[in-house]
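The structure under discussion appears below in the form of structure tokens.
Each reported figure results from applying straightforward, stated rules to the coordinates on display, with no laboratory input. Only a predicted model underlies this, so the values are computations on that prediction, with no experimental measurement involved. In this analysis, Cβ positions are derived from the backbone assuming ideal geometry, glycine residues included, and neighbour counts consider all displayed protein chains.
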Amino acid sequence: MKRAIYSTLTGALFFTLGLLAATAAHAASTQADFDAAYAAAQSAEKGAGALKNRWTTTEQVLAAAKKAAAAGDFDGAIDQAKQAEALANASIAQAKEQEAAWKAAIIH
């Protein structure tokens with residue numbers, strides 16, 4: 001009986017420690033993590049600008065990411081930077097798709 005209780009308590013302890021470690025690893029976002037995510041988003045946005053297809057929503061999300069980082073919310077700032085990168089990549093895809101569609105519609 002004691003062995004079963006000890007075994008259950010030990011298992012629960014390791015499970016709890018695992019959860020704490022996972023939570024700590026997730027919550028350990030730093031300024032450097034944000035800087036990397038923000039740089040990737042800016043790079044994608046520059047690519048969209050080169051195609052003359054920047055979206056205003058991307059600029060708004062980048063500004064919100066910078067504001068969240070300034071407030072110390074690096075997890076939120078990283079999420080927003082990743083969202084801005086996805087928006088910039090979508091605007092790049094749109095520009096390329098529209099270029100192909102225009103050629104298909106006009107040039108025969």
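The distance between label points at residue 98 and residue 70 comes to 3.1 nm (points 7 Å beyond Cα on the Cα→Cβ vector). In this Cβ point-charge picture (+1 for Lys and Arg, -1 for Asp and Glu), region 29-106 has a dipole of about 380 debye about its Cα centre.
Geometric descriptor of region 29-106, per residue, is 64 Å³ (volume of the convex hull of the Cα atoms).
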